[in-house]
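Down below is the structure, laid out as structure tokens.
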Amino acid sequence: DWLEAMPPHVLAALRRPHLGWQMGAAVVRRRWLRPFAPVVASPLVALYCRARRSLKKRGVSRRRWACSLCRRRARWKCVRCLRSYYCSRQCQNVSWHIVHKHVCYKPARFWWSVVVYGALAVLMFPGILTDPVVYDLGASCLILSFHAMGVLGGGLATALKKGMGVDVRGRTLELVVVGMTLWLTAASWGCVWGYFGQPARCGWGTLGMAGGDGGFLKDSWTSIVGNSGAGEPPAVADGDATVTPLSTSDLGAILRLWRAFFSVAKSGLAAYDGLWSNYAPAKVASWFCMEGSALGSDISADGTLDVSNSDFCLRMVHDADPDFLVAGRGADHARCAADLSVVTGVWAAAALAALGGAALRRGAERAQRRAAQAAGAARGADRAARAADRAARVAAAAALAVRRGVEPRPHQD
């Protein structure tokens, strides 16, 4: 009976539910799925909501949310999970009684989500156990790449809207930003792997254009990386492709700065390694020190690990190579140099776009304050003019009364 008293848009949404509502209803109908659905789905929904809020702040997404039931513009959201949006109290009531009360994300389920997604991450990426720092840096690259692409996408949307009157905000631009984020993350993470001794993972930044006759790299050296040597460096074969490697003297200012940064990072890792070597208990050190694979020079002919020539405890410190960009060490290192140049250019463009947007917003705020001050001054001048006109009229009336011999009445003002 209470459904019959609902507004027409609620009844229409129940007659023709959208795909998300159909999936939620299918989960609710299976009682054994009710405890697991929020644990698995809510972190993904929360990640989506947070990412979309970030894109909205940068001008990539449109500033509206859809109702979880009828898909109209939403104005409220669930106060417990903060992940379900509604356009009216009626939609919230119907959604709560039918679906949402069974899947609403309780704070007590947070640690279950941590356990589930932690185990899933270990199963999908076994290297997390052996190279946790590299995967942490990969997650950091994902976050930074998303913010960088959001800034660039928002700047592009704002420029097109103000310059050409074209509004490109919406789902398409969101998908473009997500795709470019994945590309930039792959390129950045490939450079991280190259620094830790696996330069073969580089190449995502140039999307294969670094192969062939090396035309992309050849054109990029003079404009981005630099080429201070005399003549072209020798070509290095990479299967069927040929890539021109970099040498130390060919590094431009950007890659020289990166090489200095990686050298400082190597020193910091060495200091961290010294703490493990000198202060960690022997049992704990045996779990982490040089466990798993290492560089080829530390593996003997019979396949056993030989650490007699290594001065480091942790394998990531042993594998860290500040010179993975230079010294003509092969096609993989040349790809790492090209990828790092592309990534640096994208991050620099995002930084400039962020600074330019901040400067434009500050200028707009100053202009609004000046306009408000000017409007306030104009209103003050108008009030003063009206007061002066009123005083002039009172004085004129008093003078006229004096001439006529009539006692002027005191003005009420």
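Within region 191-208, does at least one residue satisfy the condition of being open to solvent by 40 Å² or more (accessible area, probe 1.4 Å), without any contact (Cβ under 8 Å) to a residue 40 or more places away in the chain and either within 14 Å of the chain's Cα centre (by Cα) or farther than 30 Å from ASP323 by Cα (or both)?
No, region 191-208 contains no residue that is open to solvent by 40 Å² or more (accessible area, probe 1.4 Å), without any contact (Cβ under 8 Å) to a residue 40 or more places away in the chain and either within 14 Å of the chain's Cα centre (by Cα) or farther than 30 Å from ASP323 by Cα (or both).
Run down VAL284, VAL346 and say which single residue is assigned to a helix (DSSP H, G or I), over 17 Å from VAL133 (Cα atoms), among the β-branched types (Val, Ile, Thr) and modelled with pLDDT under 90.
Only one candidate qualifies: VAL284.
Return yes when SER61 is surrounded by 15 or more Cβ atoms within 10 Å (Cβ to Cβ) and part of a helix (DSSP H, G or I) and no when it is not.
No, not satisfied.
From ALA271, ALA260, grab the single residue that is out of contact with any Cys (no Cβ under 9 Å at 6 or more places or on another chain), at pLDDT 70 or above and surrounded by 11 or more Cβ atoms within 10 Å (Cβ to Cβ).
Residue meeting the stated conditions: ALA260.
Just to verify a result, which residue in region 162-178, among those that are among the charged types (D, E, K, R) and under 16 Å from LYS57 (Cα atoms), is most open to solvent (accessible area, probe 1.4 Å)?
The extreme case among them is ARG171.
If SER277 satisfies every condition in (1) at pLDDT below 65; (2) hydroxyl-bearing (Ser, Thr, Tyr); (3) open to solvent by 50 Å² or more (accessible area, probe 1.4 Å) but one, which is the exception?
(1)
Could you go through region 72-94 and let me know if any residue there is more than 30 Å from LEU11 (Cα to Cα) and open to solvent by 60 Å² or more (accessible area, probe 1.4 Å).
no
Regarding ARG62, is this residue modelled with pLDDT under 85 and either closer than 30 Å to ALA358 by Cβ or in contact with a Gly (Cβ under 8 Å, 6 or more places away or on another chain) (or both)?
Spelling it out, ARG62 is indeed modelled with pLDDT under 85 and either closer than 30 Å to ALA358 by Cβ or in contact with a Gly (Cβ under 8 Å, 6 or more places away or on another chain) (or both).
Within region 111-155, how many residues turn out to be in a helix (DSSP H, G or I), farther than 23 Å from LEU175 by Cβ and either open to solvent by less than 20 Å² (accessible area, probe 1.4 Å) or in contact (Cβ under 8 Å) with a residue 40 or more places away in the chain (or both)?
9
Any residue that is under 27 Å from MET149 (Cβ atoms), surrounded by fewer than 16 Cβ atoms within 10 Å (Cβ to Cβ) and touching a helix residue (DSSP H, G or I) at 6+ places or on another chain (Cβ under 6 Å) - is there at least one of those in region 32-41?
There is no residue in region 32-41 that is under 27 Å from MET149 (Cβ atoms), surrounded by fewer than 16 Cβ atoms within 10 Å (Cβ to Cβ) and touching a helix residue (DSSP H, G or I) at 6+ places or on another chain (Cβ under 6 Å).
The values are calculated or read from the model by the stated rules, or taken from the named source; none is laboratory data. Small disclaimer: the values here were computed from a predicted structure and weren't measured. So basically every Cβ, Gly included, is an ideal-geometry build from the backbone, and we count neighbours across all protein chains shown. Quick note on the areas: whole protein, heavy atoms, side chains included, nothing else; ligands and nucleic acids left out. Shrake-Rupley method; radii C 1.70, N 1.55, O 1.52, S 1.80 Å.
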